[in-house]
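The values are calculated or read from the model by the stated rules, or taken from the named source; none is laboratory data. Small disclaimer: the values here were computed from a predicted structure and weren't measured. Every residue, glycine as well, gets a Cβ built from its backbone with ideal geometry; the counts of neighbours run over all protein chains shown. For accessibility, only protein heavy atoms count, side chains too; no ligands or nucleic acids. Shrake-Rupley method; radii C 1.70, N 1.55, O 1.52, S 1.80 Å.
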Amino acid sequence: MHNANELLARIVRDKQLRRFGYRRSFCSLKVTSDDLDNQVLVEGSGCSRTAILNRPPALNALTTHMGARLHKLYKNWEEDPNIGFVMMKGSGRAFCAGGDIVSIYHLRKRGSPDAIREFFWTLYNFIYFLGTYLKPHVAILNGVTMGGGAGVSIPGTFRVATDRTIFATPETVIGFHPDAGASFNLSHLPGRLGEYLGLTGLKISGAEMLACGLATHYISSAEVPVLEQQLKKLLTDDPSVVETTLEKCAETAHPEKTGVIRRIELLEKCFCHDTVEEIIDSLEVEAGRTKDIWCATTLRRLKETSPLSLKVALRSVREGRFQTLDQCLIREYRMSLQGTVGNFSGNFCEGVRARLIDKDDAPKWDPPTLEKVTEDMVDNYFSPLTPSEPDLDLPIKQRESI
């Protein structure tokens, strides 16, 4: 019989485990392979399979194990002739809030660079696999979709946004850079929208995702169960058949009149410049001329963000415009190691500390101002950690030959 203190201690530990997406009984504190596999659940119906990201307390933030499990499942499903198409969704109020950056922060603090390498290597390989997937893929983005959450959905065939969808690439706010294929995805958006989203990390809605092409379809969140049931009835591997079902359920989306999608011309005017300093100067001129609160909000966000991250993000999105998805992922892998285990990892640690650990929202960036960010710093951020550091190895020839 356990005494009250022992039982209380077990309850506290159980809550801590649940916070990281684990489930267990009171009979053991050991985290089993089944517990880890529960981070990605599977539903099967007819000739479709659905992967369910299942860490709702962490907004389904991605772990190394989740990336590996997704890759294994998707490979098996691609090779199975009885499976026609694949879906992905999230548990709870999020699709996926991105990579588990708090865990990466703790790995960095513990001095575990190989575990960090494994995380990015595993996740980016799955993203590339999804981007070259041979079967139709439907991602149901019914909730928070940020960072790596966009990475594991946008490369697929179809992306369904809803009135509950919140999209953002907020990496610069934590002293990092838009990754997980973001430099490819953002750079192909209309006008300078990619630069705006990549630098500011500000949110857009599901309706705005549809308007700019990040989403392919839009429905109300109340209709998501109906859509899922319609899709599960299909016996097909034909993307046009899947698309017809999506279109039958789709609704007209109406972006807010005050949203960024209504400001494409202003974005072109302000974010077309070669440097972050010029972008900020242009926004300040517009803010003074128009008294537009949107300009003021954008300026405030840029001034709160890591100066080095801003310059890195701008260059990354601009380079992505002329690169393929695999080229972007290989480059982003170098950058992600520099940003988390290399000479520039201090900004990432400080950003996560300030935004997510201590939550004082007062990060001390290094360098502290744009003027002190040199071209050499930006160049080094894009370089391998060491001359002998292996690049991300993607099965490019194998996938392109299929």
(Q) So, for the range 295-402, what is the accessible surface per residue at a probe of 1.4 Å, expressed in square angstrom? (A) 48 Å²
Q. Which of the lysines could a cross-linker bridge to LYS248, judged by Cα under 16 Å and excluding same-chain residues fewer than eight apart?
A. LYS232, LYS233
Q. Where the only charges are on Cβ atoms (+1 Lys, Arg; -1 Asp, Glu), what is the dipole of the chain about its Cα centre, to the nearest 20 debye?
A. 1220 debye
Q: Please give the length that would be gained between THR374 and THR275 if that part of the chain were fully extended, namely 0.36 nm times their separation in residues minus their C-alpha to C-alpha distance (nm, one decimal).
A: 34.4 nm
Q: Compare GLU304, GLU208, GLU195 in a GNM of the chain, Cα atoms joined below 10 Å, and give the one with the largest fluctuation.
A: GLU304
Q | Probe 1.4 Å, protein heavy atoms only - accessible area per residue of the range 128-273 in square angstrom | A | 35 Å²
Q.
Over the range 281-402, how many pairs of lysines fall under 21 Å by alpha carbon, counting only those 8 or more apart in sequence or from different chains?
A. 8
Q. Roughly speaking, to the nearest percent, how much of the chain's 1.4 Å accessible area is carbon and sulfur?
A. 52 percent
Q. Of all DSSP beta bridges located in the chain, what percent are antiparallel, nearest 5?
A. 30 percent
(Q) As I understand it, the dipole of the range 34-77 uses +1 on the Cβ of Lys and Arg and -1 on the Cβ of Asp and Glu, about the Cα centre. Which of ASN38, ASN54, TRP77 lies farthest toward its positive end? (A) TRP77
